[in-house]
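Bear in mind these aren't lab numbers, they're just calculated from the coordinates by the rules spelled out. Please read all numbers here as calculations on a predicted model, not as lab measurements. Cβ placement follows ideal geometry from the backbone for every residue including glycine, while neighbour counts extend to all protein chains displayed.
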Amino acid sequence: VSAWLTLRADRLPSRPLDVQILLIDTLRADRLPIYGYGRSTAPNLTSFAKSAVVFDNTWATASWTLPSTASVLTGTYPSVHGVRAKNGDKPSVFTVRQRVETFAEAMHQAGYYNIALIANFWLAGEHGIDRGFDHYQIMGKATAEELNARARELLEKVPADQPVFLYLHYLDVHAPYHGYDVELEPMDPKFTERRLAPYEWGRSKQLIKGFKSDTPPMLSVFIDAYDKAIYGWDRQFGAWVQWLGETGRLDRTAIAVTADHGEEFLDHGRWAHGNSLYQEQLWVPWILRVPGLQPARVETPSSIADIAPTILTLLGEEVPETMLGVAQVRSGMARLAEVDPDRSVFAELNADGGGNWGNSEMQAARRRDTKVVRRNRNYDGYQSFDLAADPNERLDTPASPELVELLDDLAAKYQDIGEGLGRPGNVEMSDDLKERLRSLGYDFE
Ligand SMILES: [Zn+2]
């Protein structure tokens, strides 16, 4: 029996796989050709995806960095892990609940050496996301090129028989959109017609440095800059994958490429992210390449909270109880699991954020193509959308009682589980951190 098993293509090799999670901060899924964009913003990722599983409908768990990244690194929803920020007189950060086991801790238990290289100051605080990492390094606003160079340096120091988990958090696609001089295909005319209104320009100028003019530019100028930033990241990604191939690492590494949230370009009258749960802020890529795992597209909704339990299950490790994401593979095998197509995914925004990071408390759930959203500050009500018929969410309709119940049940369930795990810690933000975050466009009262 064992001889037969070892010959099966979907068996994993005996040496544990290395694991990489590459997170591109602020990358909305529909700006990638893989998800239907008409410009070739990411040729290397497109080619990488041909040998990978592409999740077509992955949601972030929130529409801004801190709670969402914490979900990637704990495999659970924000109400459960507890990480969020509070604006006001004394801005502070709530930390990962002590009883929530992080992905890095679980990987450490499994014998991995854990490295995180992060280009985003939000993750510099005392939030507990670093729990379980052997090397956790904030690299300011480092570019993908700088992050990858540092990652190569560190990986080369690890002994060959030591399995490694590497987390890379890229900021290239976040405002102010690092410029890359590249010609992309012409833009869809629906973007080029539109000039920013003065009030929109006033708000966006805080985020997009380097545009000195007081005359509001065309919306296309910003979308161009964003698209070119994706292209610039992708060029470095191509070099990274090539290096993994040349050093023999590609065939022994499971790689997940994803994002913490998207970016809005006035799709619903707003700029940036962290202020709504519309698709442009919530729909993110998830591309999973595992040696031996057959390429596929997965349409059933998934969440970035699924990534950690998926990887632990792939490795045949036990998934901690607090990881409420769904494993997308079978235990110890490079094979997709049968995930219930009626499975729901959940996202939330906490009102404490203030500023760009959420004026209203909101929750959203998706089951198949139906989305339901609840806003319960400034406006109390439920909206629902049919994402198959209306992917841009133009037609909001009142939610049916079944959808209201679905969303309320999920929200209550995660909140109860979270509260049952005890209070998260709370740490005041230092002036230094606030100053650094202002340089990314965040406001503090
Ligand atoms: Zn982010």
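Look at the dipole of region 382-437 built from charges on Cβ: of 410, 400, 427, the Cα furthest out on the positive end belongs to 427.
Charged neighbours of residue 169, selected by a Cβ distance under 13 Å, balance to -3 (K, R count +1; D, E count -1). Simple point charges give the picture: +1 on the Cβ of Lys and Arg, -1 on the Cβ of Asp and Glu, and for the chain a dipole about the Cα centre of about 520 debye. If Lys and Arg each add +1 and Asp and Glu each add -1, what is the summed charge of the other residues whose beta carbon sits under 15 Å from the beta carbon of residue 19? Net charge in that neighbourhood comes out at -2. About its Cα centre, region 19-84 has a charge dipole of approximately 100 debye under the convention of +1 per Lys or Arg Cβ and -1 per Asp or Glu Cβ, with nothing else charged.
Summing +1 for each Lys or Arg and -1 for each Asp or Glu among the other residues whose beta-carbon sits under 11 angstrom from that of residue 284 gives -3. Of 245, 233, 271, which is farthest along the charge dipole of region 220-274 in the positive direction, counting Lys and Arg as +1 and Asp and Glu as -1 at C-beta? Final value for the positive-end residue is 245. With springs connecting C-alpha atoms under 10 Å apart, model the chain as a Gaussian network and identify which of 310, 247, 41 has the largest mean-square fluctuation. Sorting by GNM fluctuation, first place goes to 247.
For the chain, a Gaussian network of Cα nodes joined below 10 Å ranks 251, 390, 30 by mean-square fluctuation, and the top entry is 390.
Within the listed set 275, 376, 120, the residue fluctuating most in the Gaussian network model of the chain (springs between alpha-carbon atoms under 10 angstrom) is 376. Using C-alpha pairs under 8 Å with a sequence gap of at least 6, the mean separation divided by the residue count of the chain gives a relative contact order of 26 percent. Scoring 58-68, 218-228 by mean Cβ neighbours within 10 Å over their residues and listing the highest first yields 58-68, 218-228.
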